[in-house]
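**Student:** Quick one: the structure is below, questions incoming.
Bear in mind that the values in this text are calculations on the coordinates, not laboratory data. Quick caveat: nothing in here was measured; it's all calculated off a predicted structure. Cβ sites come from the backbone with ideal geometry, for glycine too, and all protein chains shown count toward neighbours.
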Amino acid sequence: MTTTHSTKRDLLTFDDLSAQEIRRLFQRTAHLKKARNAGRNEPTLQGRTLGMIFEKPSTRTRVSFETGMFQLGGQALFLSSQEIQLGRGETLSDSARVLSRYVDGIMVRTFGHDKVTTMAQYATVPVINGLSDDFHPCQVLADLFTFEEHRGALDGKKVAWIGDGNNMANSWIQAAAKLGFHLVVACPIHYEPDDALLARAQQEAIATGGSIQVVRAPIDAAIDADLICTDTWTSMGQESEQLRRQRAFADYCVDQALMYAARPEALFMHCLPAHRGEEVTDEVLDGPQSVVWDEAENRLHVQKAILEWLMGVAI
Ligand code: CP
Ligand code: NVA
């Protein structure tokens, strides 16, 4: 079965989705989750193949995309960059063109975001960003869905991001602008999100009723928040900076005292893997406000909806 290339779409960042499309994806996600939990798999992608290129490690992304394709009646190929010619210098553009002759979609997890855009430019099949140094849209889509499952619409809600202005923070910033909620990012000096990205999102948020603010003190972000999110202090590829980062982020641990500053019904999220005792305490991660396992599960359901959408099944 072939994918209709003339309508090829990609999911590299939130710029590739309209708010309306996100709503439709979430409706489909809810349906797919219910079906799965009732023991039903719908083979909407029978005969389709997803190629998954990994230049960084992964548990959730790999397993959720692979099982997701399987549950939809298709298959997924795990392509470690070390074991394909990409790792020996075959260019991304050539690899994208070759893979497009075999597979119906490509998921890529890599370092520089430019690699994801190059892949999308040369691939004639849809490309999905499974995490780059700058963005992690699939995770934030799963997180948004998880919040709404527990607490209803995000419109007008306050989300606190505590820690690094990293790939996850960037995708949250884009999401706040697109869906119109209030995001307050608390990060240490030198670890703020990208200025240009922030300015663009702040401009876009004017039309959607959202807002994005950067503050220094975690408490200023956490106060009255409906959701508190954090992530590792040292992302993949930054291992040589670990000691410096541990010092810079020492005051950015989400503990129970910080959770108390939020609204009583506030949720806690972490995309995982967590570094217990660093960015979050055991008490919070394992506590009643934490929905981290739901976030991980929802990667599966949201990505199945994304795969159907990008591979040409109407949603
Ligand atoms: N959250 C996330 O993307 O996890 P993995 O690195 O395990 O894929
Ligand atoms: N910011 C983290 C997310 C891991 C899923 C990283 O890039 O390593």
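**Student:** Which of these, Leu50, Leu197, Leu258, has the largest mean-square fluctuation under a Gaussian network model of the chain (Cα springs below 10 Å)?
**Tutor:** Leu197
**Student:** Skipping prolines and chain starts, which residues have an amide H placed within reach, meaning under 5 Å, of the one on Ser290, given they are 5 or more residues away or on another chain?
**Tutor:** Under 5 Å from the amide H of Ser290: Phe268.
**Student:** So, one more: Starting from the Cα gyration tensor of the chain, take the square roots of the eigenvalues, sort them a ≥ b ≥ c, and report rounded, prolate or oblate (rounded when a/c is under 1.5, otherwise prolate if a/b is larger than b/c, else oblate). Don't jump to the answer; show the numbers that get you there.
**Tutor:** Details: a/c = 1.73, a/b = 1.43, b/c = 1.21.
It comes out prolate by the Cα gyration axes.
**Student:** Using a Cα-Cα cut-off of under 17 Å, which aspartates and glutamates could be cross-linked to Lys33, ignoring same-chain neighbours fewer than 8 residues away?
**Tutor:** Glu42, Glu66, Asp143, Glu148, Glu149, Asp294, Glu295, Glu297, Glu308
**Student:** In addition: Between Arg23 and Ser93, take the C-beta separation as r, use R0 = 25 Å, and let me know the FRET efficiency to the nearest 0.05. Mind showing how you got there, number by number?
**Tutor:** Details: r = 34 Å, r/R0 = 1.37.
E(calc), rounded to 0.05, equals 0.15.
**Student:** If you don't mind, another one. Please go through segment 76-140 and write out the chymotrypsin sites (Phe, Trp or Tyr not before Pro) that DSSP classes as loop and that have at most 14 other C-beta atoms within 10 Å.
**Tutor:** Numbers: sites: Phe78, Tyr102, Phe111, Tyr122, Phe135; in loops: Tyr102, Phe111, Phe135.
Those satisfying the criteria are Tyr102.
**Student:** Any idea which of Gln174, Ile128, Phe145 is furthest toward the positive side of the dipole for the chain, if Lys and Arg beta-carbons carry +1 and Asp and Glu beta-carbons -1?
**Tutor:** Ile128
**Student:** From the phi angles alone, apply the Karplus equation (6.51, -1.76, 1.60; θ = phi - 60°) to segment 156-171 and give each ³J(HN,Hα) in whole Hz, x where the residue is Gly or Pro.
**Tutor:** These are the phi-based 3J(HN,Hα) values: x, 7, 10, 10, 10, 10, 10, x, 6, x, 9, 4, 5, 4, 4, 5 Hz.
**Student:** Continuing with this model, one more query. Check which residues have an amide H placed less than 5 Å from Ser80's amide H, if you skip close sequence neighbours.
**Tutor:** Sorted by chain and number, the residues that satisfy this are Phe54.
**Student:** Modelled label-to-label distance, Asp282 and Asp195, 7 Å Cα→beta-carbon offset: nm?
**Tutor:** According to this spin-label approximation, the distance is 4.4 nm.
**Student:** Using a/c under 1.5 as the rounded threshold, could you call segment 78-128 rounded, prolate or oblate? The axes a ≥ b ≥ c are square roots of the C-alpha gyration tensor eigenvalues, and prolate needs a/b larger than b/c, oblate otherwise. Display every interim value, and only then the final one.
**Tutor:** Values: a/c = 1.41, a/b = 1.15, b/c = 1.23.
Rounded, because the longest to shortest axis ratio a/c is under 1.5.
**Student:** A further question follows. Where does the charge balance sit around Asp164 when Lys and Arg score +1, Asp and Glu -1, over other residues with C-beta under 9 Å from its C-beta?
**Tutor:** Details: positive: Arg245; negative: Asp231, Glu279.
Once all neighbours under 9 Å are counted, the net charge is -1.
**Student:** May I pose another question? Report the calculated FRET efficiency for Arg263 and Ile84 (r = Cβ-Cβ distance, R0 = 35 Å), to the nearest 0.05.
**Tutor:** Details: r = 48 Å, r/R0 = 1.36.
Rounded to the nearest 0.05, the efficiency is 0.15.
**Student:** Cα-based Rg of segment 146-268 per 2.2 N^0.38 Å, rounded to two decimals?
**Tutor:** Values: Rg = 14.0 Å, N = 123, 2.2 N^0.38 = 13.7 Å.
It is 1.02.
**Student:** Would you list which lysines come within 21 Å of Lys115, measuring only between C-alpha atoms, while excluding same-chain residues fewer than 8 positions from it?
**Tutor:** Result set, ordered by chain and number: Lys8, Lys56.
**Student:** Right, something else. I want to verify a result. In a Gaussian network model of the chain, Cα cutoff 10 Å, which of these has the top mean-square fluctuation: Asn129, Asn37, Asn167?
**Tutor:** Result: Asn37 has the largest fluctuation of those listed.
**Student:** Taking the Cα centroid of segment 204-277 and of segment 159-173, what is the distance between the two, rounded to the nearest whole Å?
**Tutor:** Cα centroid to Cα centroid, the span is 7 Å.
**Student:** Could you identify which residue out of His136, His301, His150 has the top mean-square fluctuation in a GNM of the chain using Cα springs shorter than 10 Å?
**Tutor:** Maximum fluctuation in the GNM of the chain, among the listed residues, is at His150.
**Student:** How much net charge surrounds Ile84 when only the other residues with a Cβ under 12 Å from the Cβ of Ile84 are counted, with Lys and Arg +1 and Asp and Glu -1? Numbers along the way, then the final one.
**Tutor:** Working: positive: Arg88; negative: Glu55, Glu83, Glu90, Asp94.
Result for the local shell: -3.
**Student:** Related question: Before rounding to the nearest 500, sum -39500 (n - 2.57) across all DSSP H runs of length at least 4 in the chain and divide by the residue total; then give [θ] at 222 nm in deg cm²/dmol.
**Tutor:** Details: 12 runs with 133 residues, N = 315.
Computed ellipticity for the chain at 222 nm equals -13000 deg cm²/dmol.
**Student:** Using only the Cα atoms of segment 208-300, build the gyration tensor, take square roots of its eigenvalues as a ≥ b ≥ c, and label the shape rounded, prolate or oblate: rounded if a/c is under 1.5, else prolate if a/b is larger than b/c, else oblate. Before the final figure, lay out the partial values.
**Tutor:** Values: a/c = 1.45, a/b = 1.22, b/c = 1.19.
Rounded is the answer for segment 208-300, as its axis ratio a/c remains below 1.5.
**Student:** Then there's this: Under the rule of at least 5 residues apart or a separate chain, name every residue whose amide H is placed under 5 Å from the amide H of Val254.
**Tutor:** Amide H neighbours of Val254, under 5 Å, 5+ apart: Val280, Thr281.
**Student:** In straight Cα distance, which lysines are under 22 Å from Lys157, not counting same-chain residues fewer than 8 positions off?
**Tutor:** Lys178
**Student:** Can you give the charge dipole size of the chain about its Cα centre, rounded to the nearest 20 debye, using +1 on the beta carbon of Lys and Arg and -1 on the beta carbon of Asp and Glu?
**Tutor:** Numbers: 31 positive and 41 negative charges, 226 e Å.
Computed about the Cα centre, the dipole is about 1080 debye.
**Student:** I've got another one for you. Of Thr208, Phe70, Ile162, which is farthest towards the positive pole of the chain's charge dipole, taken about the Cα centre with +1 and -1 on the beta-carbons of Lys, Arg and Asp, Glu respectively?
**Tutor:** Towards the positive end, the residue furthest out is Phe70.
**Student:** Counting other Cβ atoms within 10 Å, which trypsin sites (Lys or Arg not before Pro) in segment 135-225 have at most 15 and lie in a DSSP loop? Each step should come with its number before you reach the end.
**Tutor:** Numbers: sites: Arg151, Lys157, Lys158, Lys178, Arg200, Arg216; in loops: Lys157, Arg216.
Passing both the DSSP loop test and the Cβ count: Arg216.
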